[in-house]
1. Taking the condition of being under 18 Å from Ile84 (Cβ atoms) and open to solvent by less than 10 Å² (accessible area, probe 1.4 Å), how many residues in region 34-46 meet it?
2. What's the total number of residues in region 153-178 that are open to solvent by less than 20 Å² (accessible area, probe 1.4 Å) and at pLDDT below 75?
3. Scan region 180-191 residue by residue and report those that are modelled with pLDDT under 80, open to solvent by 20 Å² or more (accessible area, probe 1.4 Å) and either in a helix (DSSP H, G or I) or on the phi < 0 side of the Ramachandran plot (or both).
4. I'd like to verify a number: residues in region 551-587 that are farther than 18 Å from Glu458 by Cα, touching a residue at least 12 places away in the same chain (Cβ under 8 Å) and of a type outside the set (A, V, I, L, M, F, W, C), how many?
5. Can you tell me which of (1) open to solvent by less than 50 Å² (accessible area, probe 1.4 Å); (2) modelled with pLDDT of 90 or more is the one Pro461 doesn't meet?
6. Taking the options Asp3, Asp29, name whichever one is surrounded by fewer than 16 Cβ atoms within 10 Å (Cβ to Cβ), at pLDDT below 90 and closer than 30 Å to Glu238 by Cβ.
7. Which count do you get for residues in region 47-61 that are surrounded by 21 or more Cβ atoms within 10 Å (Cβ to Cβ) and not hydroxyl-bearing (Ser, Thr, Tyr)?
Amino acid sequence: MTDPDGEGSITMDITEAGRLFPTAEIAPDGESGNGQAFDAWLGEGADVAFYRALDGRLLARQARRAHPPSTKLFSDRYDSAQLIGVFLNPNPLPEAEEPEDPSEDPDDLVDDDEPELGDDDEDADQDNMGDLVDAFAVRWSAEECPWPAVQTLNARRARQFLLAAIKSSGSERGGSGFYNALLMRDHRLAFYARTVYRPRASLGFYPGPEMPQREVMCRHYGGPTPRLLPAVPPEILEDLCDEPWQLVATYQDREYVHSTMFGWNWKEQVSTLPLESLLTVHVSGNGEYGMHIENEILKLVRVGEDGTESVTDLGRLGSGDDPLALALRAVPDLLTFDPHTAIDITTDTPYKLADAIRLSTDPDRDEMIDFMNRDGSDFLEGYEEGIVSYFDNLVPLRLRINGLIHFAARLDDGWALIPVHHPYSLPAPVLNRTFLSIEYHFDAGGYSSGGGLETIGEIRPGLNVRWEDFQDEMWNRSLTLSRGDLATFAAEQLGEIRFGHHILDSLLGTEDDLSETELTEGDGEDDTYEEEIVVAACYDERYYDFHAPEIGFEPRNEEGLRFLNALLRQYSEGSDTAARIRAVLGY
């Protein structure tokens, strides 16, 4: 600890504060501190003030920059307590968001530790949270039900997990407004679970053998930069006194869309399926259904809009069996949807599920654009509305998988689902990986100046895409899609990129100036690809500022060599570029 002012104003670092907090009382009623509460205070932007009472007990209270902590606290419980140190949060709440002047009573001063709630949050908190917890959070299954791989939750499932965490902890601290405030400050939520064995008496039964009990906990991570909390949640949280916690799910607000998890109608939007479900599907106007595994049996649970429930055994899972394949054999139309219906899905296998979804009818792009623009269900939020008609060959759908919007594109003899988002100023497909890409800025002094990019990448294994975009130029934008090997696709499509010669120079390790003499080498159709690469040289690059190309593979590994050999086949035998490729390959 340090005393920078030399006047008794003691500050401490996060290590010391984190060590003291679990040993302190953090509320006037004597509630004990823990790691979750410490993270919560930091996430709210609060400083932490520590006090030592005359009887030796340690107290911790929130403090705000606009209202420095009192030097003493007074209470009938501990008489008085002296300020011994303050941890200054490196991500304080902006002054404009500071709460109004607190009461002069010191305990009132430090006990007002919940973020300021908006009108929607106040309406949500008027209901008894305990009743809601009992209504929604009891749906986890027997001990034999395994957790699926870590899932990315939608809001319906995240609300259910939060209520389960409140039920496990037995505390309603913070209320719904607390989590809304966390998400508004760009924090994300991580949910952990464990099975512990408690004496029957502690669970309200007569004495007897210990009983298994499942518990869920919520921690938040990420948030403002620089971060005090981890950017990625740990997979395991150790507990010195009990079983460790296992990460089972995460939740974050959609990019650049701060929705309210607990808004005015949130109680109508909570999943009631078992927490361990490996797939959940909410069908607007028709309830929801999900799958989970119990005693090696795959079960399908359907819950109607009126709350009626049915459970169907889909079959026994053997070692190495695919639950989704088994489910589709038992219920072939399980993932067949009307293009007009709003569908919200969570799954631990999003790529496999996207390939398995079928549309019941062929959607018409113009009709679906009109339908989406007239849709009053608030399915699209914020910037997402700009995606509806942006891509020339995508048909908009009201379909989300793990929170991501998916549109449809004609490919081969069927439809392929394409995840799209609006991350910055330009809508884009969501990639699993980038293979080749180049970004640039154009500035010729006109209205069309701005940033642009050209990219080849993989949407999911086996589904590839090439596209280009340029800010403020509203020509038709199309995605070039293909199924098959990504390296071969990239080699074939590189000639379609206007500034592909910059990528070639980066790959081949030279900065040769491409001249028009290369256009005349060879004859026949072999020259076409050469012309497509070199045509970029016709652009006056004085007005372009290029970023370093992004190469998403290692040229010397098996995939890189496959790409270079496929690229070599695109050039005439005697061309300079072919010679450069052969030099890299060692031919």
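1. From region 34-46, those under 18 Å from Ile84 (Cβ atoms) are 38, 41, 46; that's our starting set.
Of the ones still in play, those that are also open to solvent by less than 10 Å² (accessible area, probe 1.4 Å) are 41, 46.
Number of matching residues: 2.
2. 5
3. Selection gives Ala181, Met184, Arg185.
4. 12
5. (1)
6. Working: Asp3 fails: closer than 30 Å to Glu238 by Cβ.
That would be Asp29, the only listed residue that is surrounded by fewer than 16 Cβ atoms within 10 Å (Cβ to Cβ), at pLDDT below 90 and closer than 30 Å to Glu238 by Cβ.
7. The total comes to 7.
Here's the yes/no breakdown for (1) touching a Pro at 6+ places or on another chain (Cβ under 7 Å); (2) open to solvent by 50 Å² or more (accessible area, probe 1.4 Å); (3) more than 28 Å from Arg410 (Cβ to Cβ); (4) at pLDDT 90 or above:
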site: Val465; (1), (2), (3), (4): yes, no, no, yes
site: Leu479; (1), (2), (3), (4): yes, no, no, yes
site: Asp485; (1), (2), (3), (4): no, yes, no, yes
site: Leu514; (1), (2), (3), (4): no, no, yes, no
site: Ala537; (1), (2), (3), (4): no, yes, yes, no
site: Pro549; (1), (2), (3), (4): no, no, yes, yes
site: Glu554; (1), (2), (3), (4): no, yes, yes, yes
site: Phe563; (1), (2), (3), (4): no, no, no, yes
site: Glu573; (1), (2), (3), (4): no, yes, yes, no
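The values are calculated or read from the model by the stated rules, or taken from the named source; none is laboratory data. Keep in mind that this is a model prediction, so the values were computed, not measured. FYI the Cβ positions are ideal-geometry reconstructions off the backbone, even for glycines, and counts take in every protein chain you see. These area figures cover heavy atoms from the full protein model, side chains too; ligands, DNA and RNA do not enter into them. Shrake-Rupley method; radii C 1.70, N 1.55, O 1.52, S 1.80 Å.
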